[in-house]
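Structure, as C-alpha coordinates:
The values are calculated or read from the model by the stated rules, or taken from the named source; none is laboratory data. Predicted, not measured: the structure shown is a model, and the values here were computed from it. We place every Cβ from the backbone using ideal geometry, glycine too, and count neighbours over all the protein chains shown. Just so you know, the surface numbers come from the protein's heavy atoms only, side chains and all, with ligands and any DNA or RNA stripped out. Shrake-Rupley method; radii C 1.70, N 1.55, O 1.52, S 1.80 Å.
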Amino acid sequence: EAAVTQSPRSKVAVTGGKVTLSCHQTNNHDYMYWYRQDTGHGLRLIHYSYVADSTEKGDIPDGYKASRPSQENFSLILELASLSQTAVYFCASSDRTGDQDTQYFGPGTRLLVL
Amino acid sequence: QQQVRQSPQSLTVWEGETAILNCSYEDSTFDYFPWYWQFPRESPALLIAIRPVSNKKEDGRFTIFFNKREKKLSLHITDSQPGDSATYFCAASPMLSGSFNKLTFGAGTRLAVCP
(Lines give C-alpha, C1' and ligand atoms only; values in the text may rest on other atoms or scores of the structure.)
Protein backbone atom coordinates (compact mmCIF):
# COMPACT_ATOMS: atom_id res chain seq x y z
CA GLU A 1 0.00 0.00 0.00
CA ALA A 2 1.17 3.53 -0.83
CA ALA A 3 2.80 5.49 1.95
CA VAL A 4 2.32 9.23 1.93
CA THR A 5 3.50 11.25 4.88
CA GLN A 6 2.99 14.92 5.65
CA SER A 7 4.66 17.36 7.97
CA PRO A 8 3.80 19.12 10.09
CA ARG A 9 0.53 17.45 11.12
CA SER A 10 -0.76 20.71 12.49
CA LYS A 11 0.42 24.27 12.47
CA VAL A 12 -0.61 27.65 13.77
CA ALA A 13 0.59 30.53 11.61
CA VAL A 14 0.27 34.28 11.78
CA THR A 15 -1.33 36.34 9.04
CA GLY A 16 1.31 37.46 6.57
CA GLY A 17 3.79 34.81 7.59
CA LYS A 18 5.29 32.14 5.38
CA VAL A 19 4.14 28.55 5.72
CA THR A 20 5.65 25.47 4.11
CA LEU A 21 3.84 22.15 4.12
CA SER A 22 5.84 19.08 3.17
CA CYS A 23 4.83 15.79 1.63
CA HIS A 24 6.86 12.64 1.06
CA GLN A 25 5.85 9.45 -0.74
CA THR A 26 7.80 6.20 -0.90
CA ASN A 27 6.02 4.31 -3.66
CA ASN A 28 7.62 5.67 -6.76
CA HIS A 29 4.45 7.39 -7.99
CA ASP A 30 4.76 9.97 -10.73
CA TYR A 31 1.76 12.06 -9.80
CA MET A 32 1.44 14.10 -6.64
CA TYR A 33 -1.27 16.52 -5.57
CA TRP A 34 -2.13 19.11 -2.96
CA TYR A 35 -5.76 19.54 -1.92
CA ARG A 36 -7.46 21.63 0.67
CA GLN A 37 -10.55 20.52 2.51
CA ASP A 38 -13.10 22.89 3.98
CA THR A 39 -16.39 21.93 5.50
CA GLY A 40 -19.03 21.75 2.79
CA HIS A 41 -16.58 21.94 -0.09
CA GLY A 42 -15.10 18.50 -0.34
CA LEU A 43 -11.59 18.42 -1.71
CA ARG A 44 -10.29 21.11 -4.01
CA LEU A 45 -7.10 20.77 -6.02
CA ILE A 46 -4.48 23.47 -5.45
CA HIS A 47 -1.43 22.25 -7.36
CA TYR A 48 -0.24 18.99 -8.85
CA SER A 49 2.88 17.55 -10.42
CA TYR A 50 3.60 14.65 -12.73
CA VAL A 51 7.39 14.90 -12.78
CA ALA A 52 10.17 16.27 -10.63
CA ASP A 53 11.03 19.95 -11.10
CA SER A 54 7.64 20.67 -12.65
CA THR A 55 4.35 21.76 -11.09
CA GLU A 56 0.96 22.68 -12.49
CA LYS A 57 -1.87 24.83 -11.23
CA GLY A 58 -5.03 23.13 -10.06
CA ASP A 59 -8.44 24.68 -9.54
CA ILE A 60 -7.59 27.08 -6.69
CA PRO A 61 -3.87 28.01 -7.00
CA ASP A 62 -4.10 31.66 -5.94
CA GLY A 63 -2.05 32.35 -2.82
CA TYR A 64 -0.13 29.08 -3.08
CA LYS A 65 3.09 27.92 -4.67
CA ALA A 66 4.33 24.37 -5.06
CA SER A 67 7.72 22.74 -5.40
CA ARG A 68 8.65 19.22 -6.53
CA PRO A 69 12.41 18.88 -6.03
CA SER A 70 12.36 15.10 -6.41
CA GLN A 71 9.90 12.35 -7.28
CA GLU A 72 9.38 11.63 -3.59
CA ASN A 73 8.87 15.16 -2.27
CA PHE A 74 6.24 17.78 -2.95
CA SER A 75 5.86 20.99 -0.95
CA LEU A 76 3.13 23.57 -0.70
CA ILE A 77 4.19 27.12 0.12
CA LEU A 78 2.03 29.94 1.43
CA GLU A 79 4.20 33.03 1.02
CA LEU A 80 1.78 35.36 2.83
CA ALA A 81 -0.65 33.33 4.89
CA SER A 82 -4.16 34.68 5.19
CA LEU A 83 -7.11 33.87 7.43
CA SER A 84 -8.96 32.33 4.49
CA GLN A 85 -6.23 29.69 4.16
CA THR A 86 -7.22 28.06 7.42
CA ALA A 87 -8.11 24.52 6.33
CA VAL A 88 -6.98 20.93 6.31
CA TYR A 89 -4.44 20.24 3.57
CA PHE A 90 -4.02 16.82 2.03
CA CYS A 91 -1.21 15.60 -0.13
CA ALA A 92 -1.83 12.63 -2.40
CA SER A 93 0.03 10.53 -4.91
CA SER A 94 -1.46 8.35 -7.59
CA ASP A 95 -0.81 5.08 -9.24
CA ARG A 96 -2.62 4.24 -12.42
CA THR A 97 -3.18 0.53 -12.84
CA GLY A 98 -5.22 -0.54 -15.84
CA ASP A 99 -8.54 1.26 -15.77
CA GLN A 100 -8.20 2.47 -12.22
CA ASP A 101 -6.42 5.60 -11.06
CA THR A 102 -6.10 5.43 -7.29
CA GLN A 103 -5.07 8.44 -5.30
CA TYR A 104 -3.43 7.71 -1.95
CA PHE A 105 -3.79 10.45 0.60
CA GLY A 106 -1.50 11.50 3.38
CA PRO A 107 -2.81 12.04 6.92
CA GLY A 108 -3.41 15.74 6.39
CA THR A 109 -2.10 18.96 7.92
CA ARG A 110 -4.43 21.14 9.96
CA LEU A 111 -3.46 24.75 9.37
CA LEU A 112 -4.84 27.55 11.51
CA VAL A 113 -3.99 31.08 10.44
CA LEU A 114 -4.52 33.73 13.09
CA GLN B 1 -19.57 26.18 -10.73
CA GLN B 2 -19.90 22.83 -9.06
CA GLN B 3 -19.40 20.15 -11.68
CA VAL B 4 -20.05 17.22 -9.36
CA ARG B 5 -23.06 17.42 -7.07
CA GLN B 6 -23.95 15.06 -4.27
CA SER B 7 -27.16 14.53 -2.36
CA PRO B 8 -28.20 14.36 0.32
CA GLN B 9 -25.66 16.32 2.36
CA SER B 10 -26.28 13.99 5.26
CA LEU B 11 -28.09 10.71 5.66
CA THR B 12 -29.00 8.59 8.65
CA VAL B 13 -30.05 4.96 8.33
CA TRP B 14 -30.55 2.09 10.74
CA GLU B 15 -28.21 -0.85 10.85
CA GLY B 16 -29.22 -3.39 8.21
CA GLU B 17 -30.93 -0.86 5.92
CA THR B 18 -29.75 0.15 2.45
CA ALA B 19 -28.20 3.59 2.19
CA ILE B 20 -28.43 5.35 -1.17
CA LEU B 21 -26.05 8.19 -1.95
CA ASN B 22 -26.58 10.21 -5.11
CA CYS B 23 -24.20 11.97 -7.45
CA SER B 24 -24.64 13.93 -10.67
CA TYR B 25 -22.20 15.60 -13.01
CA GLU B 26 -22.18 18.08 -15.86
CA ASP B 27 -19.07 17.45 -17.93
CA SER B 28 -19.81 14.89 -20.63
CA THR B 29 -16.09 14.12 -20.99
CA PHE B 30 -16.02 12.55 -17.52
CA ASP B 31 -15.66 8.80 -17.82
CA TYR B 32 -14.11 7.67 -14.57
CA PHE B 33 -16.06 7.88 -11.32
CA PRO B 34 -14.42 6.85 -8.07
CA TRP B 35 -16.03 7.05 -4.68
CA TYR B 36 -13.79 7.88 -1.74
CA TRP B 37 -14.75 7.53 1.87
CA GLN B 38 -13.37 9.42 4.81
CA PHE B 39 -13.73 8.49 8.47
CA PRO B 40 -13.60 11.22 11.10
CA ARG B 41 -10.10 12.59 11.60
CA GLU B 42 -8.73 10.37 8.83
CA SER B 43 -7.77 10.91 5.22
CA PRO B 44 -9.91 9.94 2.22
CA ALA B 45 -9.42 6.49 0.73
CA LEU B 46 -10.69 4.89 -2.45
CA LEU B 47 -13.77 2.75 -1.87
CA ILE B 48 -14.98 1.74 -5.32
CA ALA B 49 -14.83 3.11 -8.86
CA ILE B 50 -16.67 2.68 -12.15
CA ARG B 51 -16.07 3.44 -15.80
CA PRO B 52 -19.17 3.80 -18.00
CA VAL B 53 -18.42 0.69 -20.04
CA SER B 54 -20.86 -0.88 -17.61
CA ASN B 55 -23.85 0.46 -15.70
CA LYS B 56 -23.08 -1.31 -12.48
CA LYS B 57 -20.07 -2.07 -10.34
CA GLU B 58 -20.30 -4.26 -7.27
CA ASP B 59 -17.87 -4.84 -4.44
CA GLY B 60 -19.38 -6.72 -1.55
CA ARG B 61 -22.07 -4.57 0.04
CA PHE B 62 -21.18 -1.55 -2.09
CA THR B 63 -22.69 -1.08 -5.56
CA ILE B 64 -22.45 1.81 -8.00
CA PHE B 65 -25.33 2.28 -10.43
CA PHE B 66 -24.55 4.50 -13.40
CA ASN B 67 -26.90 6.29 -15.82
CA LYS B 68 -24.88 7.93 -18.57
CA ARG B 69 -27.87 9.47 -20.33
CA GLU B 70 -28.94 11.34 -17.22
CA LYS B 71 -25.37 11.94 -16.01
CA LYS B 72 -26.22 10.42 -12.67
CA LEU B 73 -24.83 7.72 -10.48
CA SER B 74 -25.57 6.37 -7.06
CA LEU B 75 -23.79 4.36 -4.41
CA HIS B 76 -25.88 1.73 -2.66
CA ILE B 77 -24.69 0.31 0.61
CA THR B 78 -26.70 -2.75 1.54
CA ASP B 79 -26.95 -4.14 5.07
CA SER B 80 -25.45 -0.92 6.42
CA GLN B 81 -23.20 -1.27 9.46
CA PRO B 82 -22.21 1.30 12.08
CA GLY B 83 -18.66 0.97 10.78
CA ASP B 84 -19.86 2.42 7.46
CA SER B 85 -20.46 5.77 9.14
CA ALA B 86 -18.25 8.16 7.19
CA THR B 87 -18.32 10.93 4.63
CA TYR B 88 -18.57 9.66 1.08
CA PHE B 89 -17.17 11.67 -1.81
CA CYS B 90 -18.16 11.15 -5.41
CA ALA B 91 -15.46 12.21 -7.86
CA ALA B 92 -15.12 12.32 -11.62
CA SER B 93 -12.48 12.76 -14.29
CA PRO B 94 -11.82 12.11 -17.92
CA MET B 95 -9.68 8.99 -18.21
CA LEU B 96 -7.24 9.90 -20.93
CA SER B 97 -4.64 7.38 -21.90
CA GLY B 98 -1.18 8.43 -20.77
CA SER B 99 -2.48 11.73 -19.48
CA PHE B 100 -3.09 13.38 -16.17
CA ASN B 101 -6.52 12.60 -14.75
CA LYS B 102 -7.72 15.53 -12.69
CA LEU B 103 -10.36 14.46 -10.24
CA THR B 104 -13.23 16.79 -9.45
CA PHE B 105 -14.77 15.99 -6.09
CA GLY B 106 -18.29 16.55 -4.88
CA ALA B 107 -18.94 18.14 -1.51
CA GLY B 108 -19.66 14.79 0.12
CA THR B 109 -22.50 12.96 1.87
CA ARG B 110 -22.14 12.35 5.59
CA LEU B 111 -23.61 8.94 6.41
CA ALA B 112 -24.51 7.87 9.92
CA VAL B 113 -25.57 4.29 10.57
CA CYS B 114 -27.38 3.84 13.86
CA PRO B 115 -27.19 0.49 15.67
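Structure above, values below:
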quantity	calculated
Cβ pairs under 6 Å, 6+ apart, first in region A:31-50 and free of Cβ contacts under 8 Å to residues at least 12 places away in the same chain and in a strand (DSSP E or B), second acidic (Asp, Glu) and open to solvent by 10 Å² or more (accessible area, probe 1.4 Å)	none
Extreme residue, nearest to the other protein chains (Cβ to nearest Cβ), among residues of region A:44-67 that are among the small types (Gly, Ala, Ser) and either open to solvent by 30 Å² or more (accessible area, probe 1.4 Å) or farther than 20 Å from B:Ala107 by Cβ (or both)	A:Ser49
Qualifying residue in region B:89-107 (condition: β-branched (Val, Ile, Thr) and away from every other protein chain (no Cβ under 14 Å))	no
Residues within region B:50-96 that are exposed (fewer than 14 other Cβ atoms within 10 Å of the Cβ), in contact (Cβ under 8 Å) with a residue 60 or more places away in the chain and either farther than 17 Å from B:Thr109 by Cα or among the aromatic types (Phe, Trp, Tyr) (or both), tallied	1
Flag for B:Ser93 being within 30 Å of A:His47 (Cβ to Cβ) and of a type in the set (S, T, N, Q)	yes
Residue among A:Phe90, A:Phe74 that alone is over 24 Å from B:Gly106 (Cβ atoms), out of contact with any Asp or Glu (no Cβ under 7 Å at 6 or more places or on another chain) and surrounded by 21 or more Cβ atoms within 10 Å (Cβ to Cβ)	A:Phe74
Residue under evaluation A:Ala2, criteria (1) of a type outside the set (Phe, Trp, Tyr); (2) modelled with pLDDT under 95; (3) outside any loop (DSSP other than H, G, I, E, B), criterion not met	(3)
Residue tally, condition part of a strand (DSSP E or B) and open to solvent by 70 Å² or more (accessible area, probe 1.4 Å), over region B:3-23	5
Members of region A:1-24 that are under 14 Å from A:Leu76 (Cβ atoms) and either out of contact with any strand residue (DSSP E or B) (no Cβ under 9 Å at 6 or more places or on another chain) or open to solvent by less than 20 Å² (accessible area, probe 1.4 Å) (or both)	A:Val4, A:Gln6, A:Ala13, A:Val19, A:Leu21, A:Cys23
Qualifying positions in region B:24-72 - assigned to a strand (DSSP E or B) and at positive phi	none
Qualifying residue in region A:61-80 (condition: touching a Leu at 6+ places or on another chain (Cβ under 6 Å), closer than 25 Å to B:Gln9 by Cα, not in a loop (DSSP other than H, G, I, E, B) and not hydroxyl-bearing (Ser, Thr, Tyr))	no
Test result for A:Ser93, part of a strand (DSSP E or B), within 14 Å of chain B (Cβ to nearest Cβ) and not acidic (Asp, Glu)	yes
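Table: residues versus (1) within 14 Å of chain A (Cβ to nearest Cβ); (2) closer than 22 Å to A:Ile60 by Cβ; (3) not basic (Lys, Arg).
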residue: B:Gln9; (1), (2), (3): yes, yes, yes
residue: B:Tyr36; (1), (2), (3): yes, yes, yes
residue: B:Leu46; (1), (2), (3): yes, no, yes
residue: B:Asn55; (1), (2), (3): no, no, yes
residue: B:Leu75; (1), (2), (3): no, no, yes
